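Worksheet: one structure, shown below.
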Amino acid sequence: MSSREVVLTGSVAYDYLMHFPGRFREHILPDHLESLSLSFLVDSLERRPGGIAANIAYSMALLGERPRIMATVGEDFEDYRRALESVGVVTDEVRVIPGLLTASFFVTTDDTDSQIASFYTGAMAHATELSFADLDPPPDLVLISPNDPAAMITYVDECIELGISYFFDPSQQILLLDSAALETGIRGCEALFANEYELALIKDKTSLTIDDITEMTKFTVITRGEDGSDLYTREGRQHIAAIPPREAAEPTGVGDSYRAGFLKGYLADLPLECCGMMGALAATYSLEQTGPQSHKFDLAEFIARFRSEYDSDCDLDRLLS
Ligand SMILES: Nc1ncnc2c1ncn2[C@@H]1O[C@H](COP(=O)(O)OP(=O)(O)OP(=O)(O)O)[C@@H](O)[C@H]1O
Ligand SMILES: [Mg+2]
């Protein structure tokens, strides 16, 4: 386990997944859109743990770390807290906001994979009340992932002010952050993480190209789904191949698992290329199970599979000390 204190920020949420046996479109009357009233009788409902910070923390804990999450949740969090603690996630800085529920994502999928979804922010809207200055011990490295947008901005400002290194992972909140906030977050970070689509959005909103971003950061990681990922530094670009899943794939949370694997390698001071390969393997474990916190492995098994998937010089024994 690394002696460096890493603090993960970002959403912590419940995902409520429903299935509607039928087709939404057969129930929507185009002539009556002004008085829409739809109710779908669903035949399954599953509540799953989710949220970016929690997903990343979960996979880091499987890899033998004791990651700390800093987030706000609701009164319905206690089951979830126990589950995270039981794998080794530290939740002391996960604050319950009285009278509110944990952020919740509700999605109903029909037989044609059409979806109707709602996201309730709930207690996450209070995330901006938390501060790194209150943490003991203070963090050596922070991850700023999708969260209440005001909190993401506050956390960036605090990290810059307090001189704390951070990885910036704005992902789906790129849409809600204005160009100045995005640019400040990127200029100040040690590393930027995004997928290909998000990189295009960043360019659209800020006019920053990957070359500009590479100049501003120590490194940038762009993930490209089954096409793997690319690491950009001032020395150039390194491509990391993806690892095909052994069984049927369900992609929710792959990006989060990638970040967890990457961080584990990074905390052990492995070369960036090895960190990327660890990210890719952690992502594939997640891909092989349904849900972002359903995969299971331990560090020894992970290392053994890494060696069978990649022919590399990565010194993974260092992870065991
Ligand atoms: N179909 C796949 N096969 C193998 N590996 C994959 C596949 N999809 C994703 N991965 C792995 O996961 C990494 C991250 O995937 P991706 O770029 O899809 O992230 P994302 O879009 O942020 O995902 P998320 O839906 O979690 O936000 C990839 O770089 C790759 O290593
Ligand atoms: Mg993502």
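Observations on the structure shown:
- Normalised per residue, the volume of the convex hull around the Cα set of region 197-321 (Å³): 109
- By the rule of a C-alpha distance below 18 Å, with chain neighbours fewer than 8 residues away ignored, the lysines paired with Lys218 are Lys264.
- Alpha-carbon centroid distance for the pair region 227-258 / region 262-292, whole angstrom: 8
- With neighbours defined as other Cβ atoms within 10 Å of a residue's Cβ, the residues His32, His19, His295 order from fewest to most as His32, His19, His295.
- q = 0.14 Å⁻¹, region 221-291: log10 I(q)/I(0) [Debye, one scatterer per Cα]: -0.38
- The chain: angle of helix 149-162 to the longest principal axis, Cα-based, in degrees nearest 10: 20
- Once the Cα atoms are used to define both axes, helix 78-87 deviates from the longest principal axis of the chain by about 30 degrees.
- Nearest 10 degrees, 0 to 90: helix 254-267 Cα axis against the chain principal axis: 20
- Beta bridges per DSSP with both ends in the chain, % antiparallel, nearest 5: 45
- Look at where the Cα atoms of region 152-208 and of region 57-136 average out, and the two centres are 21 Å apart.
- Region 109-189: radius of gyration over Cα atoms, expressed as a fraction of 2.2 N^0.38 Å: 1.30
- Antiparallel bridges, percent of DSSP beta bridges restricted to region 44-126 (to nearest 5): 60
- Scattering profile of the chain at q = 0.11 Å⁻¹ [log10 I(q)/I(0), Debye over alpha-carbon scatterers]: -0.70
Every number here is computed from the coordinates shown, using simple stated rules; none is lab data. Source: prediction; values computed, not measured. Note: ideal-geometry Cβ built from the backbone for every residue, glycine included; neighbour counts use all protein chains shown.
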